[in-house]
Structure formats: structure tokens, C-alpha cells
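Below: one structure, written as C-alpha cells.
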Amino acid sequence: MIKLDSLDTSAADVVVIGGGPAGATTAALIAEAGYSVVVFERESIPRFHVGESLIPATYWTLDRLGLVEKLKASGFPKKFSVQFVTESGKETSPFYFDEFKPHESSQTWQVWRDDFDRMLIECAEQRGAEVVCEAQVTEVVFDADQVTGVQVRPAGDQEGDSRFVSAQVVVDASGLSAFLASRMDLKEADPLLRKATVWGYFRGAARDAGRDEGATIILQTEGKRSWFWYIPLPDDMVSVGCTGNLRYMFPGGGVDLEALWSREMARCPAMQRRLADAKREGPLRTTRDFSYKATTAAGDGWVLVGDAVGFIDPVYSSGVYLALKSGEMAADAVVNGLATGDVSGERLGAWKESYDEGVMHFHKLVYAFYTPGFSFGALLRDHPECTEHLANILMGNVFEPGVGALFEAIGDVTPPSEDEPSMVPMAEEEEN
Ligand SMILES: Cc1cc2nc3c(=O)[nH]c(=O)nc-3n(C[C@H](O)[C@H](O)[C@H](O)COP(=O)(O)OP(=O)(O)OC[C@H]3O[C@@H](n4cnc5c(N)ncnc54)[C@H](O)[C@@H]3O)c2cc1C
């Protein structure tokens, strides 16, 4: 990895904005195909990032990148299941992924993102991509509608020399900052998913035993106004976060994170028990209003991947999977475009329609989660034949034929908008 002043080229086949999971995946696969790739990452690497829980479907892209053995050899906790805890504290039966798919891909990991993301970007480097850190892309340059390259300068240095690097294709993998989508006004927020999250890292929390030790636990708070995640990490650390409607979390827009945390923790005795002997390390952190999608994923000489093309919600830990998957699909489209001399938007975005179908399954399940009265327990009692479809979506197998049948059983689910008197007490989730 180099700094911008050591970059000795001003032209590449492909420039990637952002060295997170989406950018690293796209860069690795395009470089592997023999094209020159430069990744610009504004942070130094490793860098902190939220989003520690992987889902099983990440296995297939990680396998293509040759990273599965590295993950097996890592100290990351193994995740075999996800478990939901109802607002009254009832622990529902965990979804053990291998009960539905007996394959090694059904075990995944809980990761520190700085280490995991570094593994990915080093993979891109090993496959031939040039990775430039602390380098901020400030402009994507167009000639009419065709991208010709980017302007980039040392991050945090307004006075630093800005350089032009030409490219046949620019991949925007800039995460939630959605560099191109913001500038091109392509961002479409989801008004029914206006959420805010507060989270922190704790040492010494209670852990379950055996194969449950690495499980993600999703805990509803009393009244279901918010929910907590519990993600066990290495070295006796746990990531704990709380998500709810933006206006509920921050009424009046004010942000007293400690008060908010205490308020929500008081509504979740099951989480209190897990954290009784734990000590927080570091500050509470927050992020908000993250759900959106870009209305278009590609144009002539540019394509969006990962969070830059859309982000749904943290509840099912789908983000890193979708970053890897969209990175992989876009990389194949870019390689195809470069090989045929056609880098039109149509060619670079050819993957988007089938990608959207998979994303829609996560999206509908997120809507179900936030819909008053909806209960997975009741759904599975009435429709036991849907258990496998639900498990498939929780594992990330959203591109499997047939998973959409789940939503025929669920019917129409629409969470209340923030303007409605939302979050009225909901039907009790029943044990499954
Ligand atoms: C509260 C919350 C909890 C989450 N929990 C989970 C979870 O448990 N599991 C999960 O799978 N996902 C989770 N996610 C989502 C997950 O973190 C993201 O989906 C994932 O990081 C997306 O990867 P990416 O590569 O698209 O973007 P990022 O990982 O955000 O990477 C983008 C990179 O681009 C760089 N960049 C941005 N602009 C520029 C620029 N102009 N020039 C150069 N570099 C730039 C940034 O510095 C960054 O490193 C969560 C998200 C939120 C908000």
C-alpha cells in the first residue's frame, strides 16, 4: 500500500473509489483478469468500521478470492446461528444454518472489520491492484456523459496537489458517502426505514456456551420501539448496538448518547443480564438515516457497488455480503466490458436487475421485522413450509430460486412511517 505521492502512474484501466469490502472485491477480480486497477482509499489502512457480523452467503465470494482458509485460521468467533429474543425476553430457537444447508459455508464469522477489510484489500493488492491510502477522490471527471477519470488529492489536505488519474471505468465503492450517487442526485431514501443506531464495544459480557458462543442475537426492547444487536467478537469483546426510528431515538434531534443508551437498556432486561458484568471500552458511537438506494447503478464508464449502490438496514447483517456480491457481479461486468471495448452503462450495469431481485428479499424481510403485529413465530406456525425460505434469507441465499415464496405467505407488510403514531405496542412475538 502506498501514499499518493508514491503513485507513479496517471492512467489505469479502472479506478476504484474506496477500499472497503466492495472496492477490494471489485479491484481484486478485475486485477486478476489482467487489467490495471488503482484503488483510492481516503483513510489509512486498517481503518475502523462498524458491521462485524458476516452471514453464510459471504462464503462464495470469499472462496473465489481465496480467503476462506485465512478466515478459518483467524481467531474470529465462528457464527453458526442467529437468534431472536422477544420483547418479553423469550429466547426463540436459534436458526442453526447447517440444519438447513449441511455445508461448510453454513458456518461464518464475527469479525473485527479493520482486520477483515485489511485481509480483503491485501488480497486485491496481491492480485495486482495498486492500493493508495489517505487519498481522497474529489471529483469524477466526465467528457459529456463518458467518465474519463478522477481528481484525487491527499486526504485531509485541502492545499495538497490534486492529480488527475485517467480510467476507462471508475467504480464507486465509497460506502454510505455514495460519492457519485450523491453528486448525480441518484439517491432515493426509504421513508419507511428512517432509523438511527447507537452502539459500543464491551468486554466481559455473558456468552452462551458451545456452538452458540458466536451467535448473533437480536433482542427486541419492551414495546418494540427499538432492538439491540449482540455480536460476540475476539478477546472477550462484544459489539452491542441499538436501532430505532430516527425521531424516537433522537426526539427533537438532540443527541445525548449516554441518556439514550440508558433509556433503551432499561427496556431490555435480557440485554442488561448479558452486560451485567461487562465494561464498555471506548465511546458510544452513532449513525443515522442510512437506508437508501441509487436509482441507477451504472453509466458510461462508471458503476456503483456496495453501500454506494444502496443500504437497507443493519438487522440481518446483509451489508458486507451485498458489498462482496455486488463487487463480484460488477467486476465480471467490467472485465466483460473492457474485453469487448464496450464500457457503456448498459454493459457495466447488466448485473443490476438480478441483483435487485435478491436485495428485494432482504428488503421485504426488513419491512416484516418493523411491521407492528408481525411475528416470525406465528408465521412459521401457520406456514411451516416457509421455514427453509426464511433460513435461506437469513443466510443470505437470496438468489436461490423459490425463496420469494416466503413473501406470499407473509403477505403485505409495511412498517409505519415516522409521521404516523408509529410503534404502538405490538403483538407479542411468540416462541418458535
Ligand atoms: C449501524 C450499522 C451496523 C451494521 N452492521 C453490519 C453487520 O453486522 N454485518 C454486515 O454485514 N454489515 C453491517 N453493516 C453494513 C456494512 O458495514 C456495510 O454494508 C459495508 O461496510 C459496505 O461495504 P462497502 O465497501 O460498500 O463500504 P465501506 O465499508 O463503507 O467502504 C467504503 C470506503 O470508501 C472510502 N471512501 C469514501 N469516500 C471516499 C473518497 N471520496 N475517496 C476515497 N475513499 C473514499 C471510505 O473511507 C471507506 O473506507 C452495518 C451498517 C450500519 C450502518
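The values are calculated or read from the model by the stated rules, or taken from the named source; none is laboratory data. Note that the coordinates shown come from a computational prediction; the quantities given were computed from them, not determined experimentally. Virtual Cβ from ideal backbone geometry, glycine too; neighbours counted across all protein chains shown.
Let's see how each residue does on (1) buried (at least 19 other Cβ atoms within 10 Å of the Cβ); (2) more than 29 Å from GLY282 (Cα to Cα); (3) in the same structural domain as THR340 (by TED's automatic domain parsing); (4) away from the ligand (no atom under 16 Å from the Cβ):
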{"site": "GLY23", "(1), (2), (3), (4)": "yes, no, yes, no"}
{"site": "GLU32", "(1), (2), (3), (4)": "yes, yes, yes, yes"}
{"site": "ILE55", "(1), (2), (3), (4)": "yes, no, no, no"}
{"site": "LEU65", "(1), (2), (3), (4)": "yes, yes, no, no"}
{"site": "LYS72", "(1), (2), (3), (4)": "no, no, no, yes"}
Here is a list of conditions, (1) more than 10 Å from the ligand (Cβ to nearest atom); (2) β-branched (Val, Ile, Thr); (3) within 17 Å of GLY23 (Cβ to Cβ), and VAL132 meets all of them except one; can you say which number that is?
-> (1)
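Residues are listed down the side, and each one gets a yes or a no for (1) surrounded by 20 or more Cβ atoms within 10 Å (Cβ to Cβ); (2) farther than 24 Å from LEU65 by Cα; (3) more than 13 Å from the ligand (Cβ to nearest atom):
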| position | (1), (2), (3) |
| --- | --- |
| THR296 | no, yes, yes |
| TRP302 | yes, no, yes |
| ALA308 | yes, no, no |
| ILE312 | yes, yes, no |
| TYR321 | yes, no, no |
| ALA330 | yes, no, no |
| ALA339 | no, no, yes |
Within segment 84-95, identify whether any single residue is farther than 30 Å from GLY34 by Cβ, aliphatic (A, V, I, L, M) and buried (at least 21 other Cβ atoms within 10 Å of the Cβ), and answer yes or no.
-> yes
From the list ALA215, ALA178, ALA167, which one is near the ligand (Cβ under 10 Å from one of its atoms), among the small types (Gly, Ala, Ser) and buried (at least 22 other Cβ atoms within 10 Å of the Cβ)?
-> ALA178
The helices (runs of 4 or more DSSP H) lying entirely within segment 14-77 that contain at least 1 residues which are in contact with a Lys or Arg (Cβ under 8 Å, 6 or more places away or on another chain) and at pLDDT 95 or above are 21-32, 58-64
The number of residues in segment 1-39 that are over 20 Å from the mean Cα position of the chain (by Cα) and not small (Gly, Ala, Ser) is 16
Residue under evaluation TYR230, criteria (1) within 14 Å of the ligand (Cβ to nearest atom); (2) surrounded by fewer than 17 Cβ atoms within 10 Å (Cβ to Cβ), criterion not met | (2)
What about THR92, is it hydroxyl-bearing (Ser, Thr, Tyr), over 27 Å from GLY149 (Cβ atoms) and touching a helix residue (DSSP H, G or I) at 6+ places or on another chain (Cβ under 9 Å)?
-> yes
If you take just the helices (runs of 4 or more DSSP H) that sit entirely in segment 312-424, which of them hold at least 2 residues that are over 24 Å from the mean Cα position of the chain (by Cα) and not assigned by TED's automatic domain parsing to the domain that holds ILE17?
-> 376-382, 405-410
Checking VAL39 against (1) out of contact with any strand residue (DSSP E or B) (no Cβ under 7 Å at 6 or more places or on another chain); (2) within 30 Å of GLY149 (Cα to Cα); (3) near the ligand (Cβ under 10 Å from one of its atoms), the condition it does not meet = (1)
